Amino acid sequence: MPKAITLTDAAAERMRQIMAASGGKFIGVRIGVKNGGCAGMEYTMEYAEEQKPLDEVVEDRGVKILIDPKAILFLLGTEMDYAADKFSSGFRFNNPNQTDACGCGESVTITPATV
């Protein structure tokens, strides 16, 4: 089975910077999805202070990512990138399971991957 999520060099570098600035308080980043927004689902990201028993753990390019078990099929094969330009910066999810997105880019439609 492929990794649920991978990071680009830019995403990994930004994650390492963020984690270094936390002073070792967090073990990684927890990523998931939740219902919401006009397209139906939203990606979630938060610092992880501990690993939960059912978390899927992915280590990529020196970054530890914990994935909510309910989100794995929605994220399978996703590449996370980081981009910065004149007006905005942030993480972006290139998800092969995403079928639609709202106009503002805050919510998406995702179908579960078939394994």
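The values are calculated or read from the model by the stated rules, or taken from the named source; none is laboratory data. Just so it is clear, the structure is predicted and the values come from calculations on it, not from any experiment. For neighbour counting, all protein chains shown are included, and Cβ atoms are generated from backbone atoms with ideal geometry for every residue, glycine included.
Summed over region 1-52, the residues that are among the basic types (Lys, Arg), more than 14 Å from ILE65 (Cβ to Cβ), touching a residue at least 12 places away in the same chain (Cβ under 8 Å) and assigned to a strand (DSSP E or B) give a count of 0. Screening GLN17 on (1) within 22 Å of ALA83 (Cβ to Cβ); (2) crowded, with 16+ Cβ neighbours inside 10 Å; (3) of a type outside the set (Asp, Glu) shows it passes everything except condition (2). When LYS64 is tested against (1) closer than 26 Å to ALA101 by Cα; (2) of a type in the set (Lys, Arg); (3) surrounded by 13 or more Cβ atoms within 10 Å (Cβ to Cβ), only condition (1) is not met. Can you tell me which residues in region 95-110 are surrounded by 14 or more Cβ atoms within 10 Å (Cβ to Cβ), in a loop (DSSP other than H, G, I, E, B) and modelled with pLDDT of 70 or more? Listed by number, the residues that qualify are ASN95, ASN97, CYS102. For region 72-99, filtering for residues that are touching a Lys or Arg at 6+ places or on another chain (Cβ under 9 Å), among the aliphatic types (A, V, I, L, M) and over 18 Å from MET15 (Cβ atoms) leaves 1.
Determine whether region 70-80 contains at least one residue that is among the polar types (S, T, N, Q) and either free of Cβ contacts under 8 Å to residues at least 40 places away in the same chain or farther than 25 Å from THR111 by Cα (or both). No.
The combined condition, being in contact with a helix residue (DSSP H, G or I) (Cβ under 8 Å, 6 or more places away or on another chain) and among the small types (Gly, Ala, Ser), is not fulfilled by ALA84.
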